[in-house]
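What follows draws every value from the coordinates through simple rules; no lab data is involved. All values derive from a computational prediction rather than experimental measurement. Counting neighbours? That spans all protein chains shown, and the Cβs are built from the backbone with ideal geometry, glycine included.
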Amino acid sequence: MEKRKILLVDDDKDLIDLYSEVFENANFEVLQAGDGIEGLDKATKELPDLIFTGIVMPRMDGFSMIELLQKTVMTSNIPIVISSHMGREEDRMRANTLGVKDFIVRGTTTPVEVINRINTILAKTNDEYVVEMNPLAFDAQQLLKDLGLQDGLKCPKCQEKLELKMKLTNASERKFEARIVCPKCG
């Protein structure tokens with residue numbers, strides 16, 4: 001599986017180190033930047049699959065960086081997720097206006113949940129959708145049995161909850177390719 005590239009932009013070194021490890025363990029190639037100016041430079045040179053940025057930083061804040069990225073053809077379609085330590089409603093509204101894909105408040109979202117949300121965003125950019133499966137619905141038990149998943153909807157390796165990924169192959173006929181994957185192991 002090809003590694004997806006994520007750019008982490010924040011002046012909080014401890015946070016960058018934490019999320020670098022989290023994303024590397026989830027099979028991401030991790031790039032780092034300490035502020036918006038450095039983030040803008042790395043984004044235009046490296047063209048990451050996603051940018052995970054803080055807001056308040058020296059030299060250039062996250063919102064200013066996002067505005068400049070959106071004005072550049074090469075970077076205008078890169079999905080951006082904000083990591084906020086304050087979670088202020090005015091920041092959330094501004095992020096929404098700028099087309100930010102997700103607004104994560106530090107301390108209220110676990111690293112595993114952050115990975116799941118990032119994977120969902122990246123799947124959507126490739127005509128892929130992530131669907132939560134209910135092990136008790138309709139034919140789910142028979143499907144699990146047929147696939148040899150004795151532990152229900154948990155990954156046999158890491159026990160993470162499995163996801164159903166669907167890739168649109170023909171919109172007019174509503175046809176998809178589907179696969180069951182672990183968001184952590186792939």
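Annotation for segment 109-186 versus segment 35-92: alpha-carbon center distance of 29 Å.
In this model, which of Lys5/Lys157; Lys3/Lys101; Lys101/Lys167; Lys145/Lys167; Lys71/Lys167 are farther than 27 Å apart at the alpha-carbon?
Working: Lys5/Lys157 24 Å; Lys3/Lys101 20 Å; Lys101/Lys167 20 Å; Lys145/Lys167 24 Å; Lys71/Lys167 30 Å.
Result: Lys71/Lys167 exceed 27 Å.
Could you work out how far apart the two model spin labels at Asp12 and Ser76 are, taking each label as a point 7 Å from the Cα in the direction of the beta carbon, and quote it in nm? So the label points at Asp12 and Ser76 sit 3.2 nm apart.
Out of the chymotrypsin sites (Phe, Trp or Tyr not before Pro) in segment 96-186, which ones are loop residues according to DSSP with at most 14 other C-beta atoms within 10 Å?
Numbers: sites: Phe103, Tyr129, Phe138, Phe176; in loops: Phe138.
Of the chymotrypsin sites (Phe, Trp or Tyr not before Pro), the ones in loops of segment 96-186 whose Cβ has at most 14 other Cβ atoms within 10 Å are Phe138.
Taking 7 Å steps out from each Cα toward its Cβ at Glu67 and Glu113 produces label points 3.1 nm apart.
Restricting to the chain, compute how many DSSP beta bridges are antiparallel as a %, nearest 5.
Numbers: 12 of 29 bridges.
Antiparallel bridges: around 40 percent, rounded to the nearest 5.
By other beta-carbon atoms within 10 Å, ranking Ser172, Ser84, Ser64, Ser76 with the fewest at the front produces Ser172, Ser76, Ser64, Ser84. Gain on full extension, evaluated as 0.36 nm per residue between His85 and Leu164 minus their Cα-Cα distance, stands at 25.3 nm.
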